[in-house]
Amino acid sequence: MGNGSPGDGTGIQAEPGKLRVQSAAAHSRVHVAAAAVLFPLRLSCPWGTPKTTSISCSLADVMSEQLAKELQLEEENAAFPEVVAVAEGPFITGENVDTSSDLMLAQMLQMEFDREYDAQLRREEKKFNGDSKVSISFENYRKVHPFDSDSSEDEVDWQDTRHDPYRADKPTITPKKGFIGKGKDITTKHDEVVCGRKNTARMENFAPEFQVGDGIGMDLKLSNQVFNALKQHAYSEERRSARLHEKKEHSTAEKAVDPKTRLLLYKMVSGGMLETITGCISTGKESVVFHAYGGKSATEEDKIIPPECAIKVFKTTLNEFKNRDKYIKDDYRFKDRFSKLNPRKIIRMWAEKEMHNLTRMQNAGIPCPQVVILKKHVLVMSFIGQDQVPAPKLKDVKLNSEDMKKAYYQVLNMMQQLYKECNLVHADLSEYNMLWHDGKVWLIDVSQSVEPTHPHGLEFLFRDCRNVSQFFQKGGVVEALNERQLFNAVSGLNITAENEVDFQAEFFQKGGVVEALNERQLFNAVSGLNITAENEVDFQAE
Ligand code: ADP
Ligand code: MN
């Protein structure tokens, strides 16, 4: 406009009504001239001049109207404060929702929408059927089905992941001298490509909240400058988020649960399996346990949901699990899978293990939580305790001598049952993993339990026996067997050695463990000494 292109002319002819506006807008002589040619008689618009509408209220009026509106709003807010849903847990109210995870937000919104849709559908169904004896169900039209199990595409099964594209290849290290190679193939530590790749790999070490994208999969090369800027940003981001967390009074749930887990929990609630998740009972190194009220709808296997549930979330931060390899790697039940797994899947395996072990114990009638459902790394089981208060651990409860004795005999009995009927060794049995509830001892925390034939099975059993025997002896139970007697009583092996070293050597042989250390090796292992002599005489001399 305004530069008098020929297009203007046709525009004027086609829409003469706009002429005034256009020519007025563009203060150009060309336009005025064009108008004069087209409408030689009148310079004004042939459709008449629009009346200037008089403004009926003054600025002061408008202002006071706004003021009135504001005052009313204020009043309303005071009269009807926003209702806060107290009954719902932090996941459900959404106050802790991580807004960086748009996918999750979208999914949550969708789920909310679907639920509203279903509610409407239910009303229609009711209206449609009326009092009729024969009714037609709209069930199939519903969007939300009672906890639809594994619809999510991120379900990873026990498949091979050796070619995980997200896993960084170990960046080749440049030796101290600062270069590798020879002659013209020499690569220094300043090599752009090598350095860029290395920077990309190092980026992975930033805080987990820091979204670094999929640079590794793309063979991205980060220049030193960019990397340093990113690093600086990551650190300040980390500090900022630390401050934020402090403000939020250390909400453990938030720290412990990543968006994926939150979605998983959310699904359990929205699917009706759980009523509400009330809060966190315990945060351990490897797991976080929540309390929840059971919902009305049943699981897929039509199990009735207990009124109160415990949700054990196995932490997906991998560090803590590394030292647990020993338990699972040699468990033949998981052996052929182990070699192919990445750490994330191993964590799921812990959850799976706990489920299987609990089921075995349940079948033998040992008091323990009852499995409700397993979803990935989240295990839902019955809650031991009442009204959100978990049963105390044996270490925290003060029992009178009669109850203490009763507890001891019960534990002895359970250990035998566990060994003989369930073919299991608890492997982390102590006053920390026994709860006192309803006048008896309940066993929990069996993700690490193994079968007695596990290469370390008897070793674990011996440790369990030591814990139990010490606890009850200190607790004043005079009848309590010592660790070796208890070991024999549980395992049915009859090991007679008097001292610990011989005892362990003997149970390795009796237990038929092939990799059993010989006496000298075992002595070193137990004592921490490192005696190298080959024969017994020299060994003892040393
Ligand atoms: P961890 O590996 O962190 O020790 P546990 O299975 O021992 O995991 O659970 C940690 C704590 O959570 C327990 O000490 C207990 O207080 C509580 N807890 C776990 N499961 C239940 C349950 N089913 N009912 C009540 N409390 C439970
Ligand atoms: Mn525990």
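The values are calculated or read from the model by the stated rules, or taken from the named source; none is laboratory data. A quick note: this is a predicted structure, and the numbers were derived from the prediction, not measured. Using ideal geometry, Cβ is built from the backbone for each residue, glycine included, and neighbour counts are taken over all protein chains shown. Protein only, heavy atoms only, side chains kept; ligands, DNA and RNA dropped before computing areas. Shrake-Rupley method; radii C 1.70, N 1.55, O 1.52, S 1.80 Å.
A few notes on this one:
- Of all residues in the range 430-461, those satisfying the criterion of being of a type in the set (A, V, I, L, M, F, W, C) and touching a Ser or Thr at 6+ places or on another chain (Cβ under 9 Å) are Leu458, Phe460, Leu461.
- Near pairs, Cβ below 7 angstrom, 6+ apart or cross-chain, from the range 436-448 (in contact (Cβ under 8 Å) with a residue 24 or more places away in the chain) to any residue that is away from ligand 1 (no atom under 11 Å from the Cβ) and β-branched (Val, Ile, Thr): Trp436/Val397; Val441/Val411; Leu443/Ile366
- Filtered residues of the range 451-476 (kept if open to solvent by less than 10 Å² (accessible area, probe 1.4 Å) and within 16 Å of ligand 2 (Cβ to nearest atom)): Phe460, Asp464, Val468
- For the range 111-135, the set of residues classified as loosely packed, with under 13 Cβ neighbours inside 10 Å and touching a helix residue (DSSP H, G or I) at 6+ places or on another chain (Cβ under 7 Å) consists of Ser135 only.
- Lys395 of a type in the set (Lys, Arg) and either more than 10 Å from ligand 1 (Cβ to nearest atom) or not assigned by the TED database to the domain that holds Val501 (or both): no
- Contact map, the range 257-286: first residue without any contact (Cβ under 8 Å) to a residue 60 or more places away in the chain, second residue in a helix (DSSP H, G or I), Cβ cut-off under 8 Å, separation 6 or more or different chains; pairs are Glu275/Val269; Cys280/Thr252; Cys280/Ala253; Cys280/Ala256; Thr283/Thr252; Thr283/Ala256; Lys285/Glu320.
- Test for Asp445: is it crowded, with 24+ Cβ neighbours inside 10 Å, closer than 24 Å to Trp350 by Cα and within 16 Å of ligand 2 (Cβ to nearest atom): yes
- Where Glu300 falls short, out of the listed (1) closer than 30 Å to Arg142 by Cα; (2) open to solvent by 30 Å² or more (accessible area, probe 1.4 Å); (3) touching a Ser or Thr at 6+ places or on another chain (Cβ under 7 Å); (4) modelled with pLDDT of 95 or more: (4)
- Close pairs (8 angstrom Cβ cut-off, 6 or more residues apart or separate chains): farther than 10 Å from His437 by Cβ in the range 382-393, open to solvent by 20 Å² or more (accessible area, probe 1.4 Å) and small (Gly, Ala, Ser) anywhere: Gln388/Gly279
- Candidates are the residues of the range 271-297 that are within 13 Å of ligand 1 (Cβ to nearest atom) and not in a strand (DSSP E or B); the one that is most open to solvent (accessible area, probe 1.4 Å) is Lys285.
- Here is the figure for the range 413-434: residues that are open to solvent by 20 Å² or more (accessible area, probe 1.4 Å) and closer than 20 Å to Asp396 by Cα total 3.
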